[in-house]
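Here the structure is laid out as structure tokens; the discussion comes afterwards.
The values are calculated or read from the model by the stated rules, or taken from the named source; none is laboratory data. These numbers come from a predicted model, not from an experiment. Quick reminder, even Gly has a Cβ in these numbers, built from the backbone with ideal geometry, and neighbours come from all protein chains shown. Side chains included, ligands, DNA and RNA excluded: accessible areas come from the protein's heavy atoms. Shrake-Rupley method; radii C 1.70, N 1.55, O 1.52, S 1.80 Å.
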Amino acid sequence: MLGTPSGQPTTLHIYNFGGIFSNRKIIKAEDKITTLYFMQNARSSLHWTFDLHADGPGGPLLCRAQSSYNGPPLMGEVKHGPATLSMTTVRKPVKMERKRGAFNGTVFFEGPDQKEYRWQTTARLFSVMMECLDAEGAVIATYRVTSLSMTKDGVLIVQPSGKFMLDLLVATSLAMRTPNN
């Protein structure tokens, strides 16, 4: 897949298209030239959505994602539900949600193999990293956020064990990087 041997990780470079405050991202291959994905984000005061396309803005739609209600409480307590990803290759929506007791920014989702995966965020001084782990704790993918860059958002490295769900890992990592998730 993507011209890499099956035993090698796949590296994707994520760029903010149109500047740091842009609502679009371009995901490029390891060569930093080939465009593999394009994301268009829309935000309101209540929720966010994004569309993920293969190959570029005119490419086929791979995923439509939407957060739950993220606004202020209107009438009593507001329960923030999961973000929902509608993948074109998966027949049921993929829900990304925090579970009870997961206060560290960990978000869980189910893969196409019906197994549970989780994105876990680690923040240090001047660096943020997210790791996608399987149920046994093995690293499936890593997203290193680029600090102090106006155009590059980060690097997603997918291990060979996660390549079967590359589109889903791209979509879930972008959902994790979308504000108010």
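What to note about this one:
- Over 28 Å apart at the Cα level, from the set Lys25/Lys95; Lys28/Lys95; Lys32/Lys95; Lys25/Lys92; Lys95/Lys163; Lys25/Lys163, are Lys32/Lys95.
- Low-density loop cleavage sites - GluC sites (Glu not before Pro) in the stretch 82-155, where at most 10 other Cβ are within 10 Å (DSSP): Glu136
- Accessible area of Arg124 in the full protein assembly, 1.4 Å probe (Å², nearest 10): 150
- Listed by chain and number, the aspartates and glutamates whose alpha-carbon sits under 14 Å from that of Lys99, ignoring those within fewer than 8 places in the same chain, are Glu110, Glu116.
- Computed label-point distance, nm, for sites Ile33 and Ala135 using a 7 Å Cα→Cβ extension: 4.3
- The modelled label-to-label distance between Phe164 and Gln8, using points 7 Å beyond Cα along the C-beta direction, is 2.3 nm.
- Additional length obtainable on full extension of the chain from Arg144 to Arg124, 0.36 nm per residue less Cα span: 6.0 nm
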